[in-house]
Structures are given as structure tokens and as C-alpha cells.
Amino acid sequence: MFAKTTSFLAIAAAAGVLMAAPALAQTRTNIQIAGSSTVLPFASIVAEEFGQAFPEFETPVVASGGSSGGLRQFCAGVGAETIDIANASRPIKASEIESCAANGVTDIREIRIGYDGIVFASSAEGPDFALEPRFVYAAIAANLPEGMAQPTLWSDIDPSLPAQRIVMAIPASNHGTREVFEEKVIFPGCEAVMGEGTDHEVCGALRQDNVTEIAGDYTETLARLASDSDTIGVFGLSFYEQNTDTLQVATMSGVTPSLETVASGEYPVSRPLFFYVKGAHIGVVPGIEEYVQFFLSDAMAGAGGRLEAAGLIPAPAEETAQTLDNFMNGVSVGQ
């Protein structure tokens, strides 16, 4: 539902007027999507298939930018200049819902598409790694217990680890993957090394000499691994599955990441994947409702579907059915 001019939007917002659908004009005919690098390949597949299955609609345009970046664009307002859908590898935050509301985005519909694991990948020609959260924290933390020297080699941390330089390429703060990395690995590792109750700000401070934060998509992380064979990269299982010819993955707490161990909950570093739909754009930008239904169809997101073959771990059928029912009935986050 799009305003005719930016100035009209500003005047309406200043007056505190809630604009109704008939007052807004359609000025764009293709769905625009941005956000999570993890969800990007799945959304790209669905967009291409959607364009072929529904020739009456234009093929959606899918861009990256990270979960936070996509939701920032999504919450910028309602209108042709704003995106329709934000991909996210984490749930939307309360602060983002507030930002959306402040800009007139009040109908936010959450679509959980399935699950993914976060892996620690290294060169297929290198040694095997059996990691634990405490090992990863000790390797890259700026703050360690008094008297504990910052390690240079992984074997400095524990003799079970390879005598290989510690170099890591991790997602920057714009990625949902980074938040899960901190929640599932860094913070538990910090408590194991520094003691329970250590402030998260202390735990979250990382070394600058052996850590590269990747703001771009996972192809940039892959390039880092290719240029330095000692590098361990952090990214989604689905991306690793596309590069098994050059990469191997570490175990985490004794569990190897796989579709099976993530789906069962056995692998500890896993998370649900989402996209968020701007309800105000439904019925204005053509095809949004059909895109959501197509994305959640058995042929796409279901067990044995196109996205499972690309690395997505399907949600249980009853969960997907509830997600679609909520979307069709206009259930918005926070309701």
C-alpha cells in the first residue's frame, strides 16, 4: 500500500493519520526482498521457481544485506521505496518491532521456513577439529582470566587440537548468524572459561589480530578460507553443503553438523530461519500472498522438497501449516 509521494507520507505521519488502503497507489509490480545471507539461497530458488510457476507475476528480486540490514530496510516505512519481505536467520527483535511501528509498519507477519545449523568449516586438506564452546572462546576472546596468555595455536588451548594458527572469519554484527554464534558458542564458552555470570559485554569483546568480521555474504568468508588455509569460517550448514568439495566441518561438543543432527536438536549450534512480510503491501504489490503459499508448499519447503535438497532442514508439517494459517488470517508479530 503505497503513498503517492514522499511528502504526502510525511504530512500524514506528522498529522498522526493512519492511511487506509484505498488512499494508496500501486507503483511497483515486483516483490522486493532483502536480508539474511543464510536465507538468501533458499529465497532465490523460490523466487526463480515462482517466476516460472506464476507467469502472471514478475519474478521477485532477492538481495542480501544480513538479517539486521534487511529488517532495517523493512522497517523504514510503507511504500514503493521500501521492501516487501525481510529474510532473517533469527527472530525479529522487540526493538525492531518498535522501529517498524514508529515508521508506520504495524502489520508484520512472521514466516518460519525451517531450520539451519551454524558450522565451523576449514580446508578439506587440513586437520580435523573437535571444538567446544570453551575452545572457541579461548581462541578469539579479548578477555581471558588473569595469568592465561592469549594462544597462537589451537594446540595452545588444548593438546587435543591441531598445532595450527588460530585464524577465524566470523559474521559481522549485521548477520543473524553472528547473534546465534554468540548465544550458542561465545557466551557459554565465556562462562566455562571466565566463570558463570560474566558480563556479556566482557564476553563479546574479541581479539583483533586473528579474527576477521565478514559483513558481506558467505562467498566472502569462502574467499578468506581459500586465501589462508589455516582459517576457520563460521556460516550456515546449507552453505557448507554447497562446498563440501573444498571444506570440512568441525564437530561441536562431540556432534557432527548434518541435516539429521540439526533436525533432531542434537547439534547444539542451530536456529530457525524466517522471513517477515509487510502486511500493508499484500494486495498492492502483486503476488505476495501467492509467493508465501508457494514458499511453504510441500514442493518447496516440505520434506523431500526443493529447499531440502539445497540444505534447508524442513519444519514439521504441522508447524508449517500453523505458520501459513497465521499468515492467511493476518496474525502479526506481537499480537
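The values are calculated or read from the model by the stated rules, or taken from the named source; none is laboratory data. All of these numbers come straight from a predicted model, not from anything done at the bench. Every residue, glycine among them, receives a Cβ derived from its backbone with ideal geometry; neighbour counts consider all protein chains shown. For the accessible areas, the whole protein counts, side chains as well, though only heavy atoms, and no ligand, DNA or RNA atoms are used. Shrake-Rupley method; radii C 1.70, N 1.55, O 1.52, S 1.80 Å.
Remark: the His200-Ala299 segment gains 31.4 nm on full extension, using 0.36 nm per residue and subtracting the alpha carbon distance.
Note on Thr152 and Ala101: their simple-model spin labels are 5.4 nm apart, each label 7 Å out from Cα toward Cβ.
Enumerate the helices in the chain for which the Kyte-Doolittle hydropathy averages 0.0 or more and the C-alpha atoms extend at least 15 Å along the helix's axis, using complete DSSP H runs. Spell out each step's value before the answer.
Details: long enough: 40-53 (19 Å, 0.73); 317-328 (17 Å, -0.57).
Counting only whole DSSP H runs, the qualifying helices are 40-53.
Accessible surface for Leu153 stands near 50 Å², nearest 10, in the context of the full protein assembly shown (1.4 Å probe). For the chain, the relative contact order is 26 percent, taking Cα pairs closer than 8 Å that sit 6 or more residues apart in sequence and dividing their mean separation by the residue count. Full extension of the segment from Glu290 to Ser229, taken as 0.36 nm per residue of separation minus the current Cα-Cα distance, would add 17.5 nm.
Keeping the other protein chains in place, figure out the carbon and sulfur percent of the accessible area of the stretch 176-234, with a 1.4 Å probe. Here it works out to 44 percent. Loop exposure criterion: GluC sites (Glu not before Pro), DSSP state outside H, G, I, E and B, at most 10 other Cβ atoms within 10 Å. Applied to the chain, the longest stretch between such sites is 197-335. Since only Ile85, Met168, Ile140 are under comparison, the one whose Cα sits farthest along the positive direction of the charge dipole of the stretch 65-174, derived from C-beta charges on Lys, Arg, Asp and Glu, is Ile85.
Between Ser332, Ala94, His281, the Cα set farthest toward the positive side of the dipole of the chain (charges on each charged residue's Cβ, about the Cα centre) is that of His281.
For the options Gly195, Gly279, Gly302, a Gaussian network treatment of the chain with springs between C-alpha atoms closer than 10 Å singles out Gly195 as fluctuating the most.
Counting only protein chain heavy atoms and rolling a 1.4 Å probe, the accessible areas of Val167, Val61, Val105 rank, largest first, as Val61, Val167, Val105. The mean sequence distance of close C-alpha pairs (under 8 Å, at least 6 residues apart), as a share of the length of the stretch 176-247, puts its relative contact order at 22 percent. Accessible area per residue was computed with a 1.4 Å probe on protein heavy atoms; Val285 scores about 0 Å².
Entry comment: accessible area of the chain is 43 Å² per residue, from protein heavy atoms only and a probe of 1.4 Å.
Roughly how big is the stretch 285-335's charge dipole about its Cα centre, with Cβ charges of +1 (Lys, Arg) and -1 (Asp, Glu), in debye to the nearest 20?
Numbers: 1 positive and 7 negative charges, 28 e Å.
Dipole about the Cα centre, nearest 20: 140 debye.
Of the residues His200, His281, the one with the largest accessible area comes first in the ranking His200, His281, computed with a 1.4 Å probe on protein heavy atoms.
With every protein chain left in place and a probe of 1.4 Å, what is the accessible surface of Asp245, to the nearest 10 Å²? Only protein atoms counted, so the area is about 120 Å².
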